[in-house]
Every structure is written in C-alpha cells, then in structure tokens.
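Trainee: I have a structure here, written as structure tokens, and I will follow up with some questions on it.
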Amino acid sequence: MSDNTVAPVPPAPPTPLTLLGLGAMGAALARTWLAAGHPLTVWNRSPGRSAELVAAGARVAATAAEAVAASPLVVTCLLDDASVRAALADADLAGRDLVDLTTSTPAESRTRAVWANERGARFLDGGIMAVPPMIGVPEAGGYVFYSGDREVFDAHQEVLSVPVATRYVGADPGFAALHDVALLSAMTAMFAGARHAAALVAGSGVDEKEFGALVAGWLTAMAPSTAAYAGGPLPDDPTSAAVAEAGDAALLRTAREQGVDTALLVASAGSMNGI
C-alpha cells in the first residue's frame, strides 16, 4: 500500500527589507520587524541611532544607496518629501518596491509615484495613523493607509502588517496622504478646541484636572456625530439658526471676558448648524 502522505510545506522565510529613517517612528517600525525575524537593513542621515537595532540584528548601511541595494523592498520614513528625494538621489531603484511612509501632501505623493516609476521602481504611499508607542501593539488601534500600486500592496501586505494594521484606500497614489492629512486636520482642530477650553478656565478656581476629564468625556460623547460631516446629511438638530447664532455669540463674549484669543471660534463660527 503506497504512502500518500503529503509532506507539510515549510513556511516561507521572513521577507528582507530596507528602512530609511530612524526617528522615533522609524525606530519603532524597525524594532517590530526585527522582533518578527525579518532581515532588516537600516540607514539614517544622522548616525548614532542604530546601536539598539544592531544589537537586535539589524544591518547598518553606510549610505542610502547601499541600503536600497540590499533589499527588494525599501521603506522610507523620513522628515518630509524633500528628504525622500535627497536620500534616494544616488540610489538605483530599478526593480525595487518603494513604500513611502513619510508624511506628505496628495500632490507630493503623486509626483513621487511618477518619479519612482521613471526610475524603474513600483511605488506605494502610506499614511501612518499612529504614534510610535502604538507600533507593535495591535490593541492600540493604530493603522496605516496605503494607496498606489495594488500589486505592491498585495505582495507585501503581510510584512507591512507586522508593525501595525493596514488599510488600502485606492490606486491613486495621493489617496493615503489625503486620508492621513484629513484625519490629522480633524485631530489638530480637536486639540485646539481642548486647549481653548483649558485656557477659558485657567486661573478661575476651577479644578483643572477634573475639568480635563469633563472635556475628554464631552468630546467622546460628541465624536459619533462627526461622521456625518463627511458621509452625508447632518443629523437632525431642532436648534434654530437664531439660537445657534446666539450660542456662537456667547462663546465669543465668554472668550473675551476670560482674555482668551477668539481666532479659533471665529474660524469655526456656524459649524454647529452646518454652515
């Protein structure tokens, strides 16, 4: 009787990759890839940030061009779009898959995609929706938007998902940056509002720690309503235009009474009634 047992297929070896940029975010990404067993080559414009990573198994390249040559998958996590261009100026990108996690504008990302393609590389742009302590911590809820070449995303989704979850948002290379910056803009305005609120009560005798908890709770309660601003009609609100206008005026008067700048309120006046 013949033995028809099929031998198990051994798992594929971890994907090697190169990472350019070892700031707080880049270093966090590097640590998670190394911990998962991925051969990693790193480069950073400022030396002296790689000792911990070398101890964990990373190989340090002397130049960005040398780092690019070491791996078919190249990830950039640098200061800005100009830094990416400068770092890769002398690199041979032919046959490489370039994944750019540097914060950029949609137009910059589209230009970078064309630039990479002209040099023989496939391009994928990414927008990181996380801070460094969230990297490698799935329960923290961070993720990265990706856009551009779908084949690149599909080919590398497994390794890209090691540090943080992935969300592909379209073939347009600018879509990841657009999603990223739009959400960061909302966050920036939220924090500005919280700072304004704190300034109103500062020095008034209000318990600031207790008040901070109230701000967090109030913003959490209001957060579900914000989805309507990008997804369709605003929720029904029985507040009349006259009442909303009077409320906005009270916000402005209070800020002036408390000696707090009104620029934030002036910029957002009418937002509560959809104006």
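Trainee: Could you grab the pairs with beta carbons closer than 6 Å, sequence gap of 6+ or different chains, first residue in the stretch 224-251 and modelled with pLDDT of 80 or more, second one in a helix (DSSP H, G or I)?
Mentor: Partner pairs satisfying both residue conditions: Leu251/Leu265.
Trainee: Any residue in the stretch 172-191 that is without any contact (Cβ under 8 Å) to a residue 60 or more places away in the chain sitting within a Cβ distance under 7 Å of a residue that is outside any helix (DSSP H, G or I)? List the pairs, counting only those 6 or more apart or interchain.
Mentor: Final answer for the pair search is His179/Gly127; His179/Phe145; His179/Val169; Leu183/Met129.
Trainee: Does Ser71 qualify as being polar (S, T, N, Q), modelled with pLDDT under 95 and surrounded by fewer than 23 Cβ atoms within 10 Å (Cβ to Cβ)? Steps first, please.
Mentor: Working: polar (S, T, N, Q): yes; modelled with pLDDT under 95: no; surrounded by fewer than 23 Cβ atoms within 10 Å (Cβ to Cβ): yes.
No: the conditions fail for Ser71.
Trainee: Can you confirm whether Glu151 is under 29 Å from the mean Cα position of the chain (by Cα) and surrounded by 10 or more Cβ atoms within 10 Å (Cβ to Cβ)? Let's see the steps before the verdict.
Mentor: On the way: under 29 Å from the mean Cα position of the chain (by Cα): yes; surrounded by 10 or more Cβ atoms within 10 Å (Cβ to Cβ): yes.
Here the answer is yes, as Glu151 does meet what is asked.
Trainee: Residues in the stretch 204-216 that are surrounded by 10 or more Cβ atoms within 10 Å (Cβ to Cβ) and either touching a Phe, Trp or Tyr at 6+ places or on another chain (Cβ under 8 Å) or at pLDDT below 95 (or both): how many?
Mentor: 1
Trainee: If I ask for residues that are assigned to a loop (DSSP other than H, G, I, E, B), hydrophobic (A, V, I, L, M, F, W, C) and closer than 25 Å to Ser161 by Cβ, which ones from the stretch 83-122 would you list? Lay out the reasoning, then the answer.
Mentor: The first filter runs over the stretch 83-122 and keeps only residues assigned to a loop (DSSP other than H, G, I, E, B), leaving 88-96, 101-105, 119-121.
Okay, now just the ones that are also hydrophobic (A, V, I, L, M, F, W, C), so 88-89, 91, 93-94, 101, 121.
Passing the criteria: Leu88, Leu93, Leu101, Ala121.
Trainee: A follow-up question, please. Could you identify the single residue in Pro132, Pro163, Pro106, Pro138 that is over 19 Å from Leu73 (Cα atoms) and touching a Phe, Trp or Tyr at 6+ places or on another chain (Cβ under 9 Å)? Please lay out each step first, then the result.
Mentor: On the way: Pro132 fails: touching a Phe, Trp or Tyr at 6+ places or on another chain (Cβ under 9 Å); Pro163 fails: over 19 Å from Leu73 (Cα atoms); Pro138 fails: touching a Phe, Trp or Tyr at 6+ places or on another chain (Cβ under 9 Å).
Among Pro132, Pro163, Pro106, Pro138, only Pro106 is over 19 Å from Leu73 (Cα atoms) and touching a Phe, Trp or Tyr at 6+ places or on another chain (Cβ under 9 Å).
Trainee: Based on this model, can you work out whether Val137 counts as among the β-branched types (Val, Ile, Thr), surrounded by fewer than 23 Cβ atoms within 10 Å (Cβ to Cβ), modelled with pLDDT of 95 or more and touching a Pro at 6+ places or on another chain (Cβ under 9 Å)? Walk me through it before giving the result.
Mentor: Values: among the β-branched types (Val, Ile, Thr): yes; surrounded by fewer than 23 Cβ atoms within 10 Å (Cβ to Cβ): yes; modelled with pLDDT of 95 or more: yes; touching a Pro at 6+ places or on another chain (Cβ under 9 Å): no.
No.
Trainee: Can you report the number of residues in the stretch 129-171 which are touching a residue at least 60 places away in the same chain (Cβ under 8 Å) and assigned to a helix (DSSP H, G or I)?
Mentor: 6
Trainee: Taking Leu219 as meeting all but one of (1) assigned to a helix (DSSP H, G or I); (2) at pLDDT below 90, write down the number of the exception.
Mentor: (2)
Trainee: Any idea which of (1) surrounded by fewer than 23 Cβ atoms within 10 Å (Cβ to Cβ); (2) touching a Phe, Trp or Tyr at 6+ places or on another chain (Cβ under 7 Å) is the one Tyr146 doesn't satisfy?
Mentor: (1)
Trainee: Considering each of Ala87, Ala176, Ala165 in turn, give the residue that is buried (at least 19 other Cβ atoms within 10 Å of the Cβ) and either out of contact with any Asp or Glu (no Cβ under 7 Å at 6 or more places or on another chain) or on the phi > 0 side of the Ramachandran plot (or both). Spell out the reasoning first.
Mentor: On the way: Ala176 fails: either out of contact with any Asp or Glu (no Cβ under 7 Å at 6 or more places or on another chain) or on the phi > 0 side of the Ramachandran plot (or both); Ala165 fails: buried (at least 19 other Cβ atoms within 10 Å of the Cβ).
The conditions single out Ala87.
Trainee: Based on what the data block shows, is Ala155 within 21 Å of Leu98 (Cα to Cα), aliphatic (A, V, I, L, M) and touching a helix residue (DSSP H, G or I) at 6+ places or on another chain (Cβ under 9 Å)? Before the answer, list the steps.
Mentor: Working: within 21 Å of Leu98 (Cα to Cα): yes; aliphatic (A, V, I, L, M): yes; touching a helix residue (DSSP H, G or I) at 6+ places or on another chain (Cβ under 9 Å): no.
No; evaluated as a whole, the condition is false for this residue.
Trainee: Which one of these does Val114 not meet: (1) more than 25 Å from Ala24 (Cβ to Cβ); (2) in contact (Cβ under 8 Å) with a residue 24 or more places away in the chain?
Mentor: Just one mismatch for Val114, condition (2).
Trainee: Quick one: in the stretch 99-129, of everything that is surrounded by 19 or more Cβ atoms within 10 Å (Cβ to Cβ) and of a type in the set (Gly, Ala, Ser), which residue is farthest from the chain's Cα centre (by Cα)?
Mentor: Restricting to residues being surrounded by 19 or more Cβ atoms within 10 Å (Cβ to Cβ) and of a type in the set (Gly, Ala, Ser), the top hit is Ala121.
The values are calculated or read from the model by the stated rules, or taken from the named source; none is laboratory data. All figures in this text were calculated on a predicted structure; none of them were measured in a lab. As a convention, Cβ positions derive from the backbone with ideal geometry for all residues, glycine included, and neighbour counts pool all protein chains shown.
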